[in-house]
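To start, the structure itself, in structure tokens.
The values are calculated or read from the model by the stated rules, or taken from the named source; none is laboratory data. Treat the numbers as computed from the prediction; the structure is a model and nothing was measured. FYI the Cβ positions are ideal-geometry reconstructions off the backbone, even for glycines, and counts take in every protein chain you see.
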């Protein structure tokens, strides 16, 4: 398997509280990796280390290595704007910008220097198609993003992330605020997108992890307890704690 992301002895503290403990993982390219575990186990914290979002939190201390394509993203020479262009992030609650549907998608390319209207039109259409939203919004691109349903807003946020041509998509419980139909649409979309992108998703929903992911990591108390192919983690876990969590004995 080709590894896109690798962490070596990754530790993170919020003040004096250790949130990640010696996390070692190799995340494969162009696949869906699900991170599961009970609340407060470190999975979202881990996700945010992959595009250095934790840098924004006061009192955070991080050591260890995080490599993307063999480059240590915590090296002093790393350009954070370029890193976050390469590693897009989708949050739990849809967070479209307070502007039109079109401008939500065009915003990132504009910031990165794309000015030509024809070029922007092509990017907006391509990303909305890829996010499975084009047919629903093509006749109202000038309308506010807030006129969309919750599920549509989340797909718009995915289109917005795709517009700056990332290689990796991080998703932090992207369907937990959505209805079952919207959840299904996002899951189908992610399965389509893994052909082009490396996808890492944090989910509380173990059925979702089992349905859509190729690889699964189980976190507990800041440690990565087990990582492997999803089918193995769910049907033949090696660690009793993984088995206990998946079978509902705790969590």
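Some points to look at:
- Scanning the range 131-169 for residues that are farther than 22 Å from residue 47 by Cα and either at pLDDT below 95 or not in a helix (DSSP H, G or I) (or both) yields a count of 11.
- Residue in the range 1-10 that is under 26 Å from residue 250 (Cβ atoms), assigned to a strand (DSSP E or B) and touching a strand residue (DSSP E or B) at 6+ places or on another chain (Cβ under 8 Å) present: yes
- Qualifying residues in the range 220-236 (those that are buried (at least 18 other Cβ atoms within 10 Å of the Cβ) and touching a strand residue (DSSP E or B) at 6+ places or on another chain (Cβ under 6 Å)) - the one farthest from residue 32 (Cα to Cα): 222
- Within the range 95-154, the set of residues being closer than 22 Å to residue 188 by Cα and over 25 Å from the mean Cα position of the chain (by Cα) comprises 138 only.
- Residue in the range 56-69 that is within 25 Å of residue 157 (Cα to Cα), at pLDDT below 95 and out of contact with any helix residue (DSSP H, G or I) (no Cβ under 6 Å at 6 or more places or on another chain) present: yes
- Test for residue 186: is it assigned to a strand (DSSP E or B) and at pLDDT 95 or above: no
- Criterion violated by residue 98 - all others in (1) at pLDDT 95 or above; (2) within 30 Å of residue 183 (Cβ to Cβ); (3) in contact with a helix residue (DSSP H, G or I) (Cβ under 9 Å, 6 or more places away or on another chain); (4) surrounded by 14 or more Cβ atoms within 10 Å (Cβ to Cβ) satisfied: (4)
- Per the conditions (1) within 16 Å of the chain's Cα centre (by Cα); (2) assigned to a strand (DSSP E or B), the sole criterion not satisfied by residue 46 is (2).
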